[in-house]
Each structure stands twice: as C-alpha cells, then as structure tokens.
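The values are calculated or read from the model by the stated rules, or taken from the named source; none is laboratory data. Please read these numbers as outputs of a predicted model, since none were measured by experiment. All Cβ positions, glycine included, derive from the backbone under ideal geometry; neighbour counts span all protein chains shown.
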Amino acid sequence: MKDLYASLNEYEQTAVDYQTFCSRIIHNKIVALKGSSSSVLIGQGLGLRSNSSIGLSSTAAFPDELAKIVAISKHPNSPHIMMDLSTVRISTPLYIEIQNRLGCPVGTIPYYICFDPQRGINDNELLETIEEQAKNGISFMTLHLTANRDLAEKSLARNIPIISRGGSLLLRDMRINKRRENILISNLDRIISILKEHNVAVSIGTTFRPSTQYDAMDAAHMAELNMQIELSEYLKQQGLQVIMEGIGHISFHMIPEYCSILRGRNYIPFMPLGPIVSDHTHGQDHITSAVGAAYLASIGGADIINAVTREEHTGGVPSIHSILEAIDAANAVIQIVNESRFPNHFCKRNIHHHNCMGTPNVVGCTRCNTECPFIWNEENQF
C-alpha cells in the first residue's frame with residue numbers, strides 16, 4: 001500500500017493523506033489498475049486519468065492499428081490506460097503490443113471476439129477467452145452486465161434504443177440461443193473467480209446509454225444506472241475492484257442532475273463515455289466530448305477522461321492524427337480540471353513569460369511585431 005501511495009503526485013498526496021488513501025482503497029473509492037510497468041491509481045480525491053481505445057475489425061488492419069500504438073507510445077502525454085476493442089482474434093493481440101510498448105494498464109471487452117452472427121456466444125469459449133486474457137495480464141474487463149429483457153423493452157420508446165456494441169451483442173446472443181438472461185450473468189460466479197485469481201478489475205459497461213439528448217435520463221437510462229450501482233456493490237463484496245462506465249449523449253444543463261444521482265450513494269470510480277453534449281456536431285466529437293467531460297469532471301462526476309475522436313459519428317476508422325488529436329483534447333480536459341482541483345499546486349504567481357508562447361528571451365512575434373504587449377512588460381515603466 002505504501003508503494004502505491006508513493007506513486008501519487010505530490011499534490012495528490014497533499015490532498016489525500018495516507019490513512020485516507022488506505023481507507024479509499026479498501027472501500028473501492030480508489031482502484032489500482034495494474035500495468036506491465038506500473039499501476040495507475042484512479043478515484044476519489046485524485047487527479048484525472050485518461051483512456052484511449054484502439055481495435056481491430058479485420059486482421060488486415062493490424063499494421064494500421066500497430067502504427068497507432070507506436071505513435072501513441074511516442075506521444076509526450078500518452079494515455080494513462082488503454083483499451084483493446086478488437087473484434088477479431090489474432091496470434092499476438094493488440095493488448096500485448098500495448099503492454100510491451102507503453103506498459104500501461106489495458107482493458108478489453110472479451111466477448112467482442114467470441115460473438116458469431118449465426119451461433120451467438122459459446123459459454124466455454126467465453127470463459128476460456130476471459131481466462132486467457134486474464135493470464136496475459138489484462139488489467140480490467142468491461143462487462144455489460146445490465147443487458148436484459150426488461151431494460152431492452154424500456155429502450156424501445158427511444159429515438160434509438162441501443163448504441164452499445166457490447167450490450168447489443170449480448171442481447172442478440174440471448175435471442176439466438178434463447179437465453180433468459182445474458183451469458184455474463186449466467187456465468188458470473190465463474191467469471192468472478194477467474195478475475196479474482198488474476199487481479200483483474202471489472203468496468204461495468206453501459207448498454208443503454210442514450211444516443212440522443214432527447215433520450216438522456218429516460219426510464220431505461222436511469223434504471224440501468226441504478227442497476228450498475230447495485231452490481232458494483234455486489235462485485236465489491238465479492239472482492240473485485242470495480243469501475244463504472246456511463247453517460248453517452250446528454251444536454252449540457254442536465255449534467256449536474258445526472259452527477260447528483262451518480263454520486264448520491266457510494267463513490268465508484270467513473271469513466272464517462274463522453275458525455276457528448278450535442279447531437280449536431282458530427283465530425284467534431286473530440287471537442288463536444290471534451291466540453292461535456294470537463295463540466296462533468298469539474299463537479300466531481302468523472303475520474304477517467306476518454307479520448308473521443310472526431311470519427312465517433314462519421315462511420316470512419318480513426319486515423320493516427322485523429323487518435324492523437326483526441327488524446328490532446330482529453331489531456332486538455334485533465335489539465336483544466338486538475339488546475340481547479342489542486343489550485344495551490346497549479347495556480348502559482350511565480351510564472352513569468354517573455355511572450356505569449358511561453359518561450360524565453362523573445363519579444364514580438366510575427367503576429368504583433370512592434371505592437372507586442374510584452375514590450376511593455378519588459379520595459380515596465382512610463
């Protein structure tokens with residue numbers, strides 16, 4: 001525990017003393033996600049962390065996705081955690097490449113590579129995949145435990161019932177194999193046993209996150225949120241570390257109400273998907289998401305900021321440029337909110353620049369030339 005505490009930034013240690021830190025770890029208000037190089041601490045009272053996702057939709061795309069991993073590994077502010085959202089099996093999974101090149105915690109959605117459009121998901125294959133990934137050092141797995149008939153029926157009143165790929169695959173499997181409950185729930189005891197054995201955390205996925213502002217905080221959305229909170233308590237009692245996903249599309253003015261419900265019971269480290277605060281900014285979702293995430297995080301409703309790309313609603317596969325752009329947007333949110341959370345550390349008077357670029361000994365760039373206001377700052381006299 002002392003080694004984990006020592007890994008915090010100085011300003012985080014100032015905000016959270018060791019005794020409080022230990023208590024929050026014990027009660028899952030702070031989680032430690034293991035990486036191949038080091039652990040990442042996420043939760044109450046700490047600074048924000050970032051997540052970036054990549055994934056294969058075909059084996060032919062491997063060189064492109066590997067190039068993204070390489071580019072991310074060279075980024076000066078690479079994400080704290082990553083997810084491999086591949087939907088096809090390959091001999092050396094992308095999460096192995098991430099572990100080797102970045103060393104950060106990596107998450108997966110294991111049934112992405114188990115689903116067959118005709119056969120659905122095989123129970124044994126699912127459990128074998130979960131165990132294989134756990135043995136290979138996966139840090140956390142997103143599980144859409146809330147995918148069920150009751151919530152699916154509630155979602156039919158929406159503009160768009162479901163936009164969660166993972167959740168929809170589980171619902172399709174229920175229909176194909178005539179299951180009464182989703183395959184994760186029927187195998188939950190065995191899944192818990194595997195994850196506990198290998199120290200893998202659970203991220204409770206959101207099947208019924210709203211895909212439009214109109215659907216935000218409707219019956220399906222709120223029922224799922226309450227179910228997620230209840231499931232998190234159960235999984236914690238089973239000895240697992242738990243984080244939670246949520247949000248989707250929501251109007252800007254509704255974020256405080258959502259946050260009050262989210263944080264109204266027990267604190268669960270939270271990774272919002274977005275929130276996307278407009279339905280009309282296609283191609284600019286890295287901006288829209290950053291705006292929503294900054295607001296939610298500023299009022300205590302987020303612990304991990306997702307790097308959402310501009311391709312979120314365009315149907316395209318994100319390019320390297322878009323991935324890095326999204327990481328930069330997420331890092332901007334983190335910087336802004338952390339400055340607000342830890343003002344004594346970030347907001348200091350002893351900052352002095354010779355120009356608006358922050359570079360030394362240069363006054364008057366090509367924009368202002370001799371009209372540069374920093375000329376007055378340098379002369380500082382009448």
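Out of curiosity, is Cys104 assigned to a helix (DSSP H, G or I) and farther than 23 Å from Glu128 by Cα?
Judged against the criteria, Cys104 is not a match.
Determine if segment 84-104 includes at least one residue that is more than 26 Å from Asn187 (Cβ to Cβ), of a type in the set (Lys, Arg) and either modelled with pLDDT of 95 or more or within 15 Å of the chain's Cα centre (by Cα) (or both).
Among the residues of segment 84-104, at least one is more than 26 Å from Asn187 (Cβ to Cβ), of a type in the set (Lys, Arg) and either modelled with pLDDT of 95 or more or within 15 Å of the chain's Cα centre (by Cα) (or both), which makes the answer yes.
Quick one: Thr314 ticks every box in (1) of a type in the set (Ser, Thr, Tyr); (2) over 30 Å from Gln241 (Cβ atoms); (3) surrounded by 20 or more Cβ atoms within 10 Å (Cβ to Cβ) except a single one, so which number is it?
(3)
Quick one: count up the residues across segment 173-205 that are among the polar types (S, T, N, Q), surrounded by fewer than 23 Cβ atoms within 10 Å (Cβ to Cβ) and over 22 Å from Met271 (Cα atoms). I'd like the intermediate steps shown before the answer.
So the first thing to find is which residues in segment 173-205 are among the polar types (S, T, N, Q), and the list is 177, 182, 186-187, 193, 199, 203.
From the residues that got through so far, the ones that are surrounded by fewer than 23 Cβ atoms within 10 Å (Cβ to Cβ) too are 177, 186-187, 193, 199.
Then drop every residue that is not over 22 Å from Met271 (Cα atoms), which leaves 177, 186-187, 193.
Total satisfying the criteria: 4.
Which numbered condition trips up Thr92, out of (1) among the hydroxyl-bearing types (Ser, Thr, Tyr); (2) surrounded by fewer than 20 Cβ atoms within 10 Å (Cβ to Cβ); (3) assigned to a helix (DSSP H, G or I)?
If we test Thr92 against (1) among the hydroxyl-bearing types (Ser, Thr, Tyr); (2) surrounded by fewer than 20 Cβ atoms within 10 Å (Cβ to Cβ); (3) assigned to a helix (DSSP H, G or I), just (3) comes out false.
Considering Ser23, Ser86, which residue is small (Gly, Ala, Ser) and either crowded, with 19+ Cβ neighbours inside 10 Å or touching a Gly at 6+ places or on another chain (Cβ under 7 Å) (or both)?
Values: Ser23 fails: either crowded, with 19+ Cβ neighbours inside 10 Å or touching a Gly at 6+ places or on another chain (Cβ under 7 Å) (or both).
Of the residues listed, the single one that is small (Gly, Ala, Ser) and either crowded, with 19+ Cβ neighbours inside 10 Å or touching a Gly at 6+ places or on another chain (Cβ under 7 Å) (or both) is Ser86.
Taking only pairs six or more apart or across chains, which ones have beta-carbon atoms under 8 Å, a first residue in segment 329-350 that is aromatic (Phe, Trp, Tyr), and a second residue that is assigned to a loop (DSSP other than H, G, I, E, B) and surrounded by 15 or more Cβ atoms within 10 Å (Cβ to Cβ)?
Phe342/Gly47
Of all the strands (runs of 3 or more DSSP E) wholly in segment 1-80, which have at least 2 residues that are under 26 Å from Tyr234 (Cα atoms) and either modelled with pLDDT under 95 or not assigned by TED's automatic domain parsing to the domain that holds Leu231 (or both)?
Once the strands (runs of 3 or more DSSP E) in segment 1-80 are filtered for at least 2 residues that are under 26 Å from Tyr234 (Cα atoms) and either modelled with pLDDT under 95 or not assigned by TED's automatic domain parsing to the domain that holds Leu231 (or both), what remains is 30-33, 40-43.
Hey, can you tell me all the residues within segment 235-280 that are of a type in the set (Gly, Ala, Ser) and either in contact (Cβ under 8 Å) with a residue 12 or more places away in the chain or buried (at least 23 other Cβ atoms within 10 Å of the Cβ) (or both)?
Gly239, Gly246, Gly248, Ser251, Gly274, Ser278
I'm told Arg49 meets every condition in (1) closer than 19 Å to Gly205 by Cβ; (2) among the basic types (Lys, Arg); (3) over 20 Å from the mean Cα position of the chain (by Cα) except one. Can you identify the failing condition by its number?
The number of the failed condition is (3).
Could you check how many residues of segment 278-295 are within 19 Å of Ser164 (Cβ to Cβ) and hydrophobic (A, V, I, L, M, F, W, C)?
1
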